[in-house]
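**Q** Shown below is the structure under consideration.
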Amino acid sequence: MVDYGGLKELKAELDRLFDHTLLLNQDDPLMEKFEELEELGACDIVILPYGVGMEGTARYLCEFADKLVREKTKERCWVVSVESRENDKNSSIYYNPNTGFRG
């Protein structure tokens, strides 16, 4: 069992990613323009390693949370899956391959 109070790093990462940020794919064709806007203070760019779609977001968050939970619990607990939801019609569930569980 994991105490939610011990997951401050997870909350901080969620805030870093989603609180007043602009999520972009690394190969966005307008990256230079967005970087100019960031330099002007108009936006804060975040690039996720697997892309900004729901699939990539769920995978990144699963890996981040799993590593954190394993460290905090000395490998007694882990993350099985993460669901990333943009709205009622667009979501994705990423199942952690390191657990062997498939929903």
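The values are calculated or read from the model by the stated rules, or taken from the named source; none is laboratory data. Everything numeric in this text was worked out from a predicted model, so none of it was measured. Methodologically, a virtual Cβ is constructed for each residue, glycine included, from the backbone with ideal geometry; neighbour enumeration extends over all protein chains shown.
**Q** Would you be able to tell me the number of residues in the range 79-96 that are at pLDDT 95 or above and in a loop (DSSP other than H, G, I, E, B)?
**A** Summing the residues that are at pLDDT 95 or above and in a loop (DSSP other than H, G, I, E, B) in the range 79-96 gives 3.
**Q** Another question, if that's okay. Of everything in the range 62-78, what is out of contact with any Ser or Thr (no Cβ under 7 Å at 6 or more places or on another chain) and either in contact (Cβ under 8 Å) with a residue 40 or more places away in the chain or part of a helix (DSSP H, G or I) (or both)? Give them in sequence order. If you could, list the steps in order and put the result at the bottom.
**A** Start the filter on the range 62-78 by keeping residues that are out of contact with any Ser or Thr (no Cβ under 7 Å at 6 or more places or on another chain), which leaves 63-77.
Passing the criteria: E63, F64, A65, D66, K67, L68, V69, R70, E71, K72, T73, C77.
**Q** Separate question: Hey, E13 hits all of (1) in contact with a Phe, Trp or Tyr (Cβ under 8 Å, 6 or more places away or on another chain); (2) surrounded by fewer than 13 Cβ atoms within 10 Å (Cβ to Cβ); (3) not aromatic (F, W, Y) but one; which does it fall short on?
**A** For E13, the failing item is (2).
**Q** Continuing with the same structure: Looking at this structure, is V52 assigned to a loop (DSSP other than H, G, I, E, B) and under 10 Å from the mean Cα position of the chain (by Cα)?
**A** Taking the combined requirement at face value, the residue satisfies it.
**Q** Ok, one more. Quick test for you: out of G51, G56, pick the one residue that is crowded, with 16+ Cβ neighbours inside 10 Å and free of Cβ contacts under 8 Å to residues at least 12 places away in the same chain.
**A** Numbers: G51 fails: free of Cβ contacts under 8 Å to residues at least 12 places away in the same chain.
Step by step, each of G51, G56 is checked, and only G56 is crowded, with 16+ Cβ neighbours inside 10 Å and free of Cβ contacts under 8 Å to residues at least 12 places away in the same chain.
**Q** Please go through the range 62-93 and give me each residue that is closer than 21 Å to L17 by Cα, out of contact with any Phe, Trp or Tyr (no Cβ under 8 Å at 6 or more places or on another chain) and not charged (D, E, K, R), ordered by number.
**A** Answer for the range 62-93, where residues must be closer than 21 Å to L17 by Cα, out of contact with any Phe, Trp or Tyr (no Cβ under 8 Å at 6 or more places or on another chain) and not charged (D, E, K, R): F64, A65, L68, V79, N87, N90, S91, S92, I93.
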